[in-house]
Amino acid sequence: MSFLANDPVSRHTGSNSPGAAATYTILLRDFTATVSLAGHSGRHTVFISLELKVSHPGQGFPDDITAVMSYEDIVEDLRRLCAEETVSGPDYLADRTAAFCMAQPKVRHVRVDVELPSLLPDTAGAGVTITRNRDAEQ
């Protein structure tokens, strides 16, 4: 699992307004856990990757963890989600992941990629990608 963030700060692209909020991107790649899939025996490895566009705290923000987005809470939420007794599939995991990401006030946009090893003999993996955008909700 790797954590990356863009630099420099970018302007949010959802608005043409000169006062649009500055954002930065947090990438969480290949969070890996095992899940119990409904209707299938055993536990299956799942890979979850996130791209979060997050509100930037602005120029001269304090050197304080509360001023920036911490992905540690999201990683803990992912661990709890994957530990559920049974999950229905990658779409369920992606939807739930997007929901708890968007529950973070600083998150403006999230893209969630979920992939499981395929249960079909002629494909390596199967999954889903979803996006949620707070600015589109307004």
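The values are calculated or read from the model by the stated rules, or taken from the named source; none is laboratory data. Here the structure is a predicted model, which is why all the values come from computation and not from measurement. Cβ: placed from backbone, ideal geometry, glycine included. Neighbour counts: every protein chain shown.
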Run SER15 past the list (1) surrounded by 12 or more Cβ atoms within 10 Å (Cβ to Cβ); (2) part of a strand (DSSP E or B); (3) at pLDDT below 90 and report the number of the one that doesn't hold. (2)
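Results for (1) modelled with pLDDT of 85 or more; (2) small (Gly, Ala, Ser), shown as yes or no for each residue.
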position: GLY19; (1), (2): no, yes
position: VAL46; (1), (2): yes, no
position: LEU81; (1), (2): yes, no
position: ALA94; (1), (2): yes, yes
position: CYS101; (1), (2): yes, no
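Taking the condition part of a strand (DSSP E or B) and at pLDDT below 95, does ALA136 pass? Break it down stepwise before answering.
On the way: part of a strand (DSSP E or B): no; at pLDDT below 95: yes.
No.
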In segment 21-44, the residues that are modelled with pLDDT under 90 and surrounded by 14 or more Cβ atoms within 10 Å (Cβ to Cβ): ALA21, ALA22, THR23, TYR24
GLY89: closer than 30 Å to ALA124 by Cβ, out of contact with any Asp or Glu (no Cβ under 6 Å at 6 or more places or on another chain), surrounded by 13 or more Cβ atoms within 10 Å (Cβ to Cβ) and at pLDDT 90 or above, yes or no? yes
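Look at segment 101-125 and say how many of its residues are assigned to a strand (DSSP E or B) and more than 15 Å from SER49 (Cβ to Cβ). Talk me through it step by step, then tell me what you get.
Going residue by residue through segment 101-125, those that are assigned to a strand (DSSP E or B) are 107-117, 125.
With more than 15 Å from SER49 (Cβ to Cβ) added as a condition, the list becomes 107-108, 117.
The qualifying residues number 3.
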Take LEU52 and decide whether it is under 13 Å from the mean Cα position of the chain (by Cα) and either surrounded by 17 or more Cβ atoms within 10 Å (Cβ to Cβ) or at pLDDT 90 or above (or both). yes
Among the residues of segment 75-115, which ones are β-branched (Val, Ile, Thr) and under 20 Å from SER36 (Cα atoms)? VAL75, THR86, VAL87, THR97, VAL112, VAL114
Filtering segment 86-124 down to residues that are under 15 Å from THR45 (Cα atoms) and touching a residue at least 60 places away in the same chain (Cβ under 8 Å) yields ASP113, VAL114, GLU115, LEU116, PRO117, LEU119
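Suppose the filter is modelled with pLDDT of 90 or more, touching a strand residue (DSSP E or B) at 6+ places or on another chain (Cβ under 9 Å) and of a type in the set (A, V, I, L, M); does VAL68 pass it? First the steps, then the outcome.
Working: modelled with pLDDT of 90 or more: no; touching a strand residue (DSSP E or B) at 6+ places or on another chain (Cβ under 9 Å): yes; of a type in the set (A, V, I, L, M): yes.
The answer is no for VAL68.
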